[in-house]
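The values are calculated or read from the model by the stated rules, or taken from the named source; none is laboratory data. Note that the structure is a prediction, hence the values are computed from the model and not measured. Here the Cβ is made from the backbone with ideal geometry for all residues, glycine too, and neighbour counts use every protein chain on show. The accessibility values were calculated without ligands, DNA or RNA, using every heavy atom of the protein model including side chains. Shrake-Rupley method; radii C 1.70, N 1.55, O 1.52, S 1.80 Å.
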Amino acid sequence: MGLLNRELLPISSLSILILLTACSNDNARVQVVDKTTNYNKQVKVTTVPYSGKVVQAGSYTPVTKGQHVVQGGETLYSLAFNYGRDWRELANENNIGAPYTIYPGQVISLSGRASSTTTTTTKAHDSGSIKVTTTQKPTTSTTTKPTATQAPTQTQTKPTTSAPTPTTAVVGGWTWPAMGAVISTYSPTGTLNKGIDIAASEGSAVMAASAGTVVYAGNNLHGYGNLLIIKHNDSFVSAYGHNRSLLVKEGQKVSAGQKIAEMGSTGADRVKLHFEIRLNGKPVDPLKYLPKK
């Protein structure tokens, strides 16, 4: 029996050695997959800008009927121009006082119903600007009936208004806004054209048709491309569309004949200047104001 055990011992040891070697080889074939690496490759990283103003994409569709939400770059004058309104009426309707600043996200009423009793004015101070709201109630003529011991008296007060009434003041010194051929004229009906189109080579000078102040410089108005609007007085504004580049800024005063832009084809199918004159918010025929060629 002892002899048998001595003979089997080398065999058992050899079996154990073979088994351990096999296990060692199996462990060598095991692959560890880094799931973290694969997960990270699927993560999307969004870069947030450190500065700048986030503004909703421009659209002239009112939030509700008779309203407009102000988009970045719009001014009271560009809104009045876009909706064919007089800027003074629009300001009065929304209690917007001088200098008629509006802000992105502000809701502008387009209903046409003016604020009847309240006006808003803005006074500038060293520490900033404060809005001062005053209430004005129109008064009418009243007659007091005399009594037996009282002589007849009559009190009359002129009604007050909260906004200037549109006028038909004429701007003098109109000049042609560009040199070139008139390829399309004013047409209030049929093939609608709210102004005239002048064709010339790209980069040709676009000039202010009369002295005034730039109240809009941008491209927010659909169909006008790079557009300038100049306010000449409380009644007249002029507009210059499809420019390649704008050479003046909002708030800048310009003189008649001053170069304000370069002709281009932004928002158009060809190089041209689209020119409009508006009186109290309504388009008029520019050829009735410009010098005869």
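Could you sort Lys249, Lys65 by their accessible area in this structure, using a 1.4 Å probe and putting the largest first?
In descending accessible area the options line up as Lys65, Lys249.
Separation between the Ile183 and Ser201 pseudo-spin-labels, each 7 Å from Cα along Cα→Cβ, expressed in nm?
Taking the simple label geometry, Ile183 and Ser201 are separated by 1.6 nm.
How much length is gained on full extension from Asn233 to Ser111, taking 0.36 nm per residue of separation minus their Cα-Cα distance?
Extending this stretch completely gives an extra 41.5 nm.
Can you compute the modelled spin-label distance between Lys293 and Tyr103, with each label point 7 Å from Cα toward Cβ, in nm?
4.7
Highest mean first, how do 67-73, 233-239 rank when packing is the count of other Cβ atoms within 10 Å averaged over residues?
By packing density, highest mean first, the sequence is 233-239, 67-73.
Can you compute the charge dipole magnitude of region 230-292 about its Cα centre, using +1 on each Lys and Arg Cβ and -1 on each Asp and Glu Cβ, nothing else charged? Give it in debye, rounded to the nearest 20.
120
Given Cβ point charges of +1 (Lys, Arg) and -1 (Asp, Glu) and nothing else, what value in debye, to the nearest 20, does the dipole of region 167-251 about its Cα centre take?
The calculation lands at about 60 debye.
Greater than 27 Å separation of Cα atoms is the criterion. Which listed pairs, Lys65/Lys288; Lys249/Lys293; Lys65/Lys282; Lys65/Lys249; Lys231/Lys259; Lys259/Lys293, meet it?
From the list (Lys65/Lys288; Lys249/Lys293; Lys65/Lys282; Lys65/Lys249; Lys231/Lys259; Lys259/Lys293), the Cα-Cα distance tops 27 Å for Lys65/Lys288; Lys249/Lys293; Lys65/Lys249.
What FRET efficiency do you get for Asn193 and Lys259 if R0 is 25 Å and r is their Cβ-Cβ distance, rounded to the nearest 0.05?
0.50
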